[in-house]
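Nothing in this text is a laboratory measurement; each read-out follows from the coordinates by a stated rule. In this text, all values refer to a predicted model and were calculated from it rather than measured experimentally. Using ideal geometry, Cβ is built from the backbone for each residue, glycine included, and neighbour counts are taken over all protein chains shown.
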Ligand code: ATP
Ligand code: MG
C-alpha cells in the first residue's frame, strides 16, 4: 500500500509552545511505517511574539497555508499581553473562526485511581465554538434617571450550530465505544451523550440548543450504535461532574458552559500539562494542548509534553487515523503508568526531551 502523506502545519506560538510543538513533530515522525502514513511539515507563525515583530498576531499567510496545503495542524500556545494592547487579539480565536473550526473537543482522562476518584475518569467535553455569548455583541448605555450604566450581551444559539455540534458528539461517542470494544474495556461504560443547558431559565436560547441537540442525537445511526441521550442542567452538571466524573462519557455544551466545564474537568486529573484539545471543523483539525504559554517555566526544558502528544493523537483521530492515534495514547499511558520519567509538574525530575524519548521508545 502506498504511504499516505499528511501535511501538518506547526504553529508553536509563544512560551512553552516552542518547546512542546517540536515534541509533537517528533512523535509523528516516529510513528511506525507499518501504519502506511507519512508526514510533511510546514512551520507557521502566530502569537504575541509575531505581533510584536510584525503588528499582526495571525498573519494571512498562516491561514492561507493551512487552508490550501494542510490536512491538519498543531498549535502551541499564545501569551496574552498583561495590559490591553491595541490591535492585538487572540490568534487562536481568529483561527477557529476563519477555518470554521466549530467544535472544541477536550478529553479528560485520569492517570490512576485516587481516594477521591477511585473509578477511572474518561470523558470528553464537546464545546460549541462559534456562537452563544462569544458572538461578542455587547453594548453599554446609560440607565434612565442617571442610575449608572447598563451593559448587555447577545447570547445567540442557532439550530445549525447546535445540530452539528451534537452530531459530532454522537460520532465521538460511537468512536469511543468502538475503542472500548476493541481494547477489551472492563469499566462497563456505555456510549452516552449528556446535553448540558440551562433551559429552565433560558427557555428560548438554551431551549433551542437542548431540543436541537436531542433531535440530532435521535438520528437512527446513533440509536443503532446504542448511544444513549442524557441531559443535565449546567449547575447540576458541575456538581455531578465533580462528584461522580466516572459516570460521564461525552458531554456536549454551548460555548460558555463548555468553556467553564472544560477547565473544571481538567482540574479533576491533575496537571494542565496532561490535557489535550482539538479544534475541529469539517475535514480539518488543529490539536492544541489546554495549557497556555506558561511563562514561569519557559526556556527551562521542563514543560510537560504529554498534553501536546495527546493533542497530536486527537488531531489524528479527526483525520481518521485512529490506529496511529491509539499508538500514541498507549505510549503516553505506558509512560504515566510506569511513572519513572515525569516532568516536575507531575512530581518528577525529567526534562521534556527525556519524557518524549521514553514515549517514542514505547511507540
Ligand atoms: P497564559 O497566559 O499563556 O495562559 P499562564 O501564566 O496562565 O499563561 P498557563 O500555561 O495557563 O500559564 O499555566 C498555568 C500553570 O500551569 C503555570 O504555573 C505553569 O507552570 C503550569 N503548566 C502549564 N502547562 C504546563 C506544562 N505543559 N508543563 C508543566 N507545567 C505546566
Ligand atoms: Mg493560562
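Within the stretch 215-307, the proportion of Cα pairs with more than 15 Å between them is 71 percent.
Taken along its principal axes, the alpha carbon cloud of the stretch 171-230 reaches lengths of 42, 23, 13 Å, longest axis first. Give the distance, in whole Å, between the Cα centre of the stretch 45-119 and the Cα centre of the stretch 168-229. Comparing the Cα centres of the stretch 45-119 and the stretch 168-229, I get a distance of 27 Å.
Along its three principal directions, the equivalent ellipsoid of the chain from the Cα gyration tensor extends over semi-axes of 31, 27, 21 Å, largest first. For the stretch 268-353, the Kirkwood hydrodynamic radius comes to 13.5 Å, computed from all pairs of different C-alpha atoms. Its DSSP H runs of at least 4 residues, each contributing -39,500 (n - 2.57), put the calculated 222 nm mean residue ellipticity of the chain at -12500 deg cm²/dmol, to the nearest 500.
Kirkwood's formula applied to the C-alpha pairs of the stretch 22-88 gives a hydrodynamic radius of 14.1 angstrom. Ordering 239, 141, 329 from the fewest to the most neighbouring beta carbons within 10 Å gives 141, 239, 329. DSSP beta bridges fully contained in the chain are about 40 percent antiparallel.
Each peptide in 49-62, 124-137, 246-259 receives the mean, over its residues, of other Cβ atoms within 10 Å, and ordering these scores from highest gives 246-259, 124-137, 49-62. With one equal scatterer per alpha carbon and no solvent term, the Debye-computed log10 I(q)/I(0) for the stretch 1-138 at 0.18, 0.19, 0.22 1/Å reads -1.16, -1.22, -1.35. Pairs of C-alpha atoms in the stretch 108-240 farther apart than 22 Å represent 50 percent of all such pairs.
In terms of packing, defined here as the mean over residues of other Cβ atoms within 10 angstrom, the peptides 285-296, 307-318 line up highest first as 307-318, 285-296. Per-residue packing, averaged as other Cβ atoms within 10 Å, sorts the ranges 94-101, 193-200, 220-227 into the order 193-200, 94-101, 220-227, beginning with the highest. Plainly put, the stretch 89-153 has a radius of gyration that is 1.26 times its Kirkwood radius, both from alpha-carbon atoms, as the Rg/Rh ratio.
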